[in-house]
Structures are given as structure tokens and as C-alpha cells.
Amino acid sequence: MTEENFKTASDIAYEIISQKILDGEFPPGMKLSRRKMAEATGVSVIPVIEALKKLEEDKLVESKPQWGSFVTIPTLEKIRQSYQLREAVECQSARILAETMTAEQQAVLTELATELDTVPYTPETIIDSRNSHMLFHTRLTEFTGNQLLVETLRKINLFYVLCRAIASNAPGAQYPRYWHRYLVDEIAKGDPDQAEKVMRSHVNDSLVTIIATMES
């Protein structure tokens, strides 16, 4: 096994627990007992403790003194704060790409965008759609070459918020849509101000949908 592929027991525990949270197997508010998490991940308690600390940094888990660790409940305030940070990161990414995006990068983003805009959200495609959505936005940020932006986007925990919104809004979604392809096309025009404007609209469009779901 190469050093690049090596995973510690803590890494393994983090991956398993985070995936179960994102897939809804560990729902919001669920207590994450260290002993039970050790059994679920096949590692000892110490790596689980390290994994829970990382999950807390990523806002997937909350720690309550003398009570333990719980899956984060996405309140409206937490969602708004998350989206404020997402808007800052992705608008800056759009500005950078408007000036630097290559034809190859545009092709990659367009392919991902086409899948997102044409595959409907159904109970069978929810997880794949969520993963495709996050891959699109991750790639877009990675193409800036700014690893701090990439890491910040990861820590926003958009995965968790969006998977809930996708599941709740699948029946009412209208397809085909062209939001993501339009976003790529506008960035490709090379105008940073316009790219930022379209990205801000894109982010806020998603936020409005999530808030409407939460309030209903």
C-alpha cells in the first residue's frame, strides 16, 4: 500500500460515520456513542474519538458536555450561515475561473452540469444526484488552483444540507433544467463580474428552496 492510499483507523472511522450521516442512516439528533461507533466502524474507541472531533470540525457532529456527541440538526440559522460562507467561496471561485478556465476544464464542468440538469431526482437517484452536485461544485473550485478555497468548501458541509433538501423536494422538481450549464456558459464568457453575479444567484436559488422546505 502506498503512502498516498494509507488510511489510519481514524480515517476509516471518519469515512464510515460521515457516510452514514450523509445517507440518513444516522439521522439529525442521533447520539453517537463512542462504543457503538467503534462497533459500527470496526475500530477501537480512540480512533473513533479522533474521528468525532474531525466530524465536529466539519459541522456534521455537535458535542454536548457530559452528554456526548450528536449528529448536527440543520437549523435555519446554521443553514443560512453555511450558505453565506458557500456564497463567498463559490463567487470567488467563479471570478477566478472567468479569467483562467481552460477548454478542458470547461468540458469537464459541462459534462457534469448536463447530468445534473437532465437526470431527475427520484428515490432511486437521490444519492447519485447529490454526489454529482457536490462533484460539480468541488471540481469548479478545484480548477481555481486555490486549495484553501477547496478545503473551505468541503468544511461548509454542503453535502449534509443538500442531501436533505434533495430528498424533500424531489417530487416537485421540474426537469429538464439548465441552471448548471448556464452557470458554466456564463463563467466561460470571461467576465468576472458577470460570473460572480450568476454564481450568487445560483447559490441563493438553492438556499431559498431549502428554507422553504424547512419552514413548511
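Each value in this text was obtained by applying a stated rule to the coordinates, not by laboratory testing. Every value quoted in this text rests on a predicted model; they were computed, and no experiment measured them.
Rg ratio for segment 1-71: its Cα radius of gyration over 2.2 N^0.38 Å, N being its residue count, equals 1.07. What would the Debye equation give as log₁₀ I(q)/I(0) for segment 39-147 at q = 0.11, 0.12, 0.24 Å⁻¹, counting only Cα atoms as equal point scatterers? Values returned for q = 0.11, 0.12, 0.24 Å⁻¹ are -0.56, -0.65, -1.24. Of all aspartates and glutamates in the structure, those lying under 18 Å Cα to Cα from LYS20, and not within fewer than 8 positions of it along the same chain, are ASP11, GLU39, GLU50, GLU56, GLU57, ASP58, GLU62, GLU124, ASP128. Candidate cross-link partners of LYS189 among the lysines, defined by an alpha-carbon separation under 30 Å and a same-chain spacing of 8 or more, comprise LYS155, LYS197.
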